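K.L.:
Below is the structure I would like to discuss, written out as structure tokens.
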Amino acid sequence: MKVDEIENVELSYLELNDYEDLKQAMILSYHSIENSYWEKHHIETLIKKFPEGQVNIKINGELAGCALAIIVDYELLDVNHTYADITKGYTFDSHNNEGDVLYGIDLFIKPEYRGLRLGRRLYDFRKELCEKLNLKGIAFGGRIPNYHKYSSELTPKQYIEKVKHKEIHDPVLNFQISNDFHPAKILKGYLKGDKDSNEFAVLLEWDNIYYEKPNKKASSKKSIVRIGLIQWQMRPYKKLEEVLQQAEYFIDAVSGYRCDFALFPEFFNAPLMAENNHLPEPDAIRELATYTDRIVQRFSELSISYNINIISGSMPEIRDEKLYNVGYLCKRDGSIESYEKLHVTPDEAKVWGMQGGNKLQVYDTDCGKIGILICYDSEFPELSRLLADEGMDILFIPFLTDTQNGYSRVRNCAQARAIENECYVAIAGSVGNLPNVHNMDIQFAQSMVFTPCDFSFPTNGIKAEATPNTEMILIADVDLDLLRELHTFGSVRNLIDRRKDIFQLSRR
């Protein structure tokens, strides 16, 4: 399937009525193994014993892959075991809710959906589940399907070493290693009938660095969101593909750190205006608008492939012959939502003929409710207060400023928004210069993440800050549960202490 045909990507718990689709998917995925699918009673048992560990992933409503798991005691892994041993003869009686290791029973992606990084998404789910359940780690017996090609000259250990050093390509083992799993031991006779692996397997493990030994003290669960800010360097690009290549580089980088969001700056695609520098400035910006649809489509594809929510900064867009400054939230489930700059600067209106939009809303994401205000909009406190009243947790501000005093307006207003609305605020801008683009000559930026100022947060209200005027990424974790505590128990309570008896704020 082509990425541009994807309308929805859904990760959900496996249900018994998914069985027939599951069976067909397994037959296609394990065509080289006899009796390669689970019987219905096996799936029913897994769902009854450990429903949280059984998930599938669907593309446009069709089952594309699946991950099955149980919880076992780590001691079971100390000795050589087979697939039949670890599942207690496929009864899954080895599952123990009081165990300390998440053991992967199966994970596969249908052939037609491979290449979309769906397997990585399933592994990310397992890692998050492992952390949520406070388990030591994840383990499973990994097949080595190319080993039969080298079994006459290499031992399994030698084969694994060559795979690790990229001298041999093994699609399964390479994938596991790239997802932070490390080989622990060789398992002989692991899966009966796996001729491609000569019935060998590798015990692969992933360690949960957040694991804490259980204790009797009460503790609250935290909801951590990881934000990736892209401090974009303005430089000459000859064509759109070069801009998108650079954008994917940054998306890949922040995704590699398991970020939930990637934030691009306002007008990050401005270098493409250079080819139209001979035109009057209003015409040049309208030519730039012709790229917007293609950029949004590509960003949506990347959000799916890299399993990350992308905030596209902003781009010019023409609607009903009027020029607007708009951006798009490309979610990793395949959906796309737009946002608009409501207040255009005097320069945008005078030089380009740009007009302000009308759309203001809170966006529901898999990481809480977010708001997005483009640059100048952050300097109007009413907008963010309306969003805060609707439950906003994080405010994202893509911006573009040419001078340090212009940047200071955005920076200081953004920090004020974090304090007065008791939310996190992330700002990302561009640096460098564009000598061949009129009205876009120089840029100044320092991307930052701001917090409220209270005991649970940094004393200066700054969670993270980039180096000024340097191309880089900035990554920060924000804890949404701290906001919940602040709203009720903060030293000051800017949201609930407002004197609504003497003033009110409302939409028209």
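Values in this text are rule-based calculations from the coordinates and carry no lab data. Please read all numbers here as calculations on a predicted model, not as lab measurements. Cβ: placed from backbone, ideal geometry, glycine included. Neighbour counts: every protein chain shown.
K.L.:
So the label point goes 7 Å from the Cα of His182 along Cα→C-beta, right? Which residues of the stretch 74-96 then have their backbone N under 19 Å from it?
P.N.:
Of the residues in the stretch 74-96, 74-75, 77-79 have backbone N under 19 Å from the label point off His182.
K.L.:
Over the chain, calculate the relative contact order: mean separation of alpha carbon pairs under 8 Å at least 6 apart, over the residue count, as a percent. Could you put the intermediate results ahead of the total?
P.N.:
On the way: 1012 pairs, mean separation 56.6, N = 508.
After rounding, I find 11 percent.
K.L.:
Tell me, what ³J(HN,Hα) does each residue in the stretch 43-55 have, in order and in whole Hz, if you take phi through Karplus 6.51 cos²θ - 1.76 cosθ + 1.60 with θ = phi - 60° and put x for Gly and Pro?
P.N.:
Running phi through 6.51 cos²θ - 1.76 cosθ + 1.60 with θ = phi - 60° gives 5, 4, 5, 4, 5, 5, 6, 8, x, 5, x, 10, 10 Hz.
K.L.:
Return a whole-number percent for the relative contact order of the stretch 3-207, with Cα pairs under 8 Å and 6 or more residues apart as the contact set. Show your work: numbers first, answer last.
P.N.:
Working: 344 pairs, mean separation 38.6, N = 205.
Reported as a whole number, the value is 19 percent.
K.L.:
Roughly what percent of Cα-Cα pairs across the chain reach past 37 Å?
P.N.:
Working: 50101 of 128778 pairs.
Value for the chain: 39 percent of Cα pairs lie more than 37 Å apart.
K.L.:
What are the residues whose amide H is under 5 Å from the amide H of Met472, where those residues sit 5 or more places off or on another chain and H is modelled from the backbone?
P.N.:
Residues meeting the amide H criterion: Gln231.
K.L.:
Another question, then. Using θ = phi - 60° and the Karplus relation 6.51 cos²θ - 1.76 cosθ + 1.60, list the HN-Hα couplings for the stretch 436-441 in order, rounded to whole Hz, with x at every Gly or Pro.
P.N.:
Working through the residues one at a time gives 9, 10, 4, 6, 9, 5 Hz.
K.L.:
Ranked highest first by average number of other Cβ atoms within 10 Å, how do 417-426, 141-150 line up?
P.N.:
Numbers: 417-426: 24.5, 141-150: 20.3.
Those peptides, ordered most packed to least, come out 417-426, 141-150.
K.L.:
For labels at Arg114 and Leu133 in the simple 7 Å Cα→Cβ model, what's the distance in nm?
P.N.:
My value for the distance between the label points is 2.8 nm.
K.L.:
I'd like to compare 244-251, 94-101, 119-126, 3-10: which one has the highest average count of other Cβ atoms within 10 Å, and what's the full order after that?
P.N.:
Working: 244-251: 17.9, 94-101: 16.4, 119-126: 19.4, 3-10: 13.8.
Highest-to-lowest ranking by the protection proxy: 119-126, 244-251, 94-101, 3-10.
K.L.:
Sticking with this structure for a sec: Can you tell me, using C-alpha contacts under 8 Å and at least 6 residues apart, the relative contact order of the stretch 55-158 as a whole percent? If you can, show how the numbers build up before the last one.
P.N.:
Numbers: 123 pairs, mean separation 28.1, N = 104.
Once normalised by length, the contact order is 27 percent.
K.L.:
Continuing with the same structure: For the stretch 224-489, what is one quarter of the convex hull surface built on the Cα atoms, given in nm²?
P.N.:
Working: hull surface 50.3 nm².
Hull-based average projected area comes out at 12.6 nm².
K.L.:
Another question about this same structure. Determine, for each peptide in 430-441, 160-171, 446-457, the mean count of other beta carbons within 10 angstrom over its residues, then list the peptides with the highest first. Mind dumping the intermediate values first?
P.N.:
Numbers: 430-441: 18.2, 160-171: 15.1, 446-457: 22.0.
Those peptides, ordered most packed to least, come out 446-457, 430-441, 160-171.
K.L.:
Can I ask one more? Per residue, how big is the convex hull of the stretch 3-207 when only Cα atoms are used? Give it in Å³. All intermediate terms of the calculation are to be shown ahead of the outcome.
P.N.:
Working: hull volume 24.0 nm³, N = 205.
So the per-residue hull volume is 117 Å³.
K.L.:
What distance in nm lies between label points placed 7 Å from Cα along the C-beta direction at Glu153 and Ser223?
P.N.:
5.6 nm
K.L.:
A follow-up question, please. Quick one: 3J(HN,Hα) in Hz for the stretch 410-419, Karplus 6.51/-1.76/1.60 with θ = phi - 60°, rounded, Gly and Pro as x.
P.N.:
Working through the residues one at a time gives 5, 4, 5, 5, 4, 5, 5, 4, 5, 6 Hz.
K.L.:
Over 23 Å between Cα atoms: which of Lys110/Lys188; Lys164/Lys188; Lys23/Lys164 fall into that group? Intermediate values should be presented prior to the final figure.
P.N.:
Working: Lys110/Lys188 27 Å; Lys164/Lys188 20 Å; Lys23/Lys164 33 Å.
Among Lys110/Lys188; Lys164/Lys188; Lys23/Lys164, the Cα-Cα distance tops 23 Å for Lys110/Lys188; Lys23/Lys164.
K.L.:
Further question: Where does helix 292-305 land angle-wise versus the long Cα axis of the chain, in degrees 0 to 90, nearest 10?
P.N.:
In the chain, helix 292-305 runs at an angle near 30 degrees to the longest axis.
K.L.:
Here's something else I'd like to know. Using modelled amide H (1.01 Å from N, peptide plane; none on Pro or chain starts), what sits under 5 Å from the amide H of Ala64, excluding residues fewer than 5 places away?
P.N.:
Ile57, Lys58, Ile59
K.L.:
Taking amide hydrogens as modeled 1.01 Å from N in the peptide plane, which residues meet the under 5 Å criterion relative to Phe396, leaving out close sequence neighbours?
P.N.:
For Phe396, the qualifying residues are Gly371, Ile372, Leu373, Ala426.
K.L.:
Here's a follow-up. Counting DSSP beta bridges in the chain, what percent are antiparallel, to the nearest 5? Intermediate results must be reported in sequence, preceding the final value.
P.N.:
On the way: 61 of 84 bridges.
Counting DSSP beta bridges with both partners in the chain, the antiparallel share is about 75 percent.
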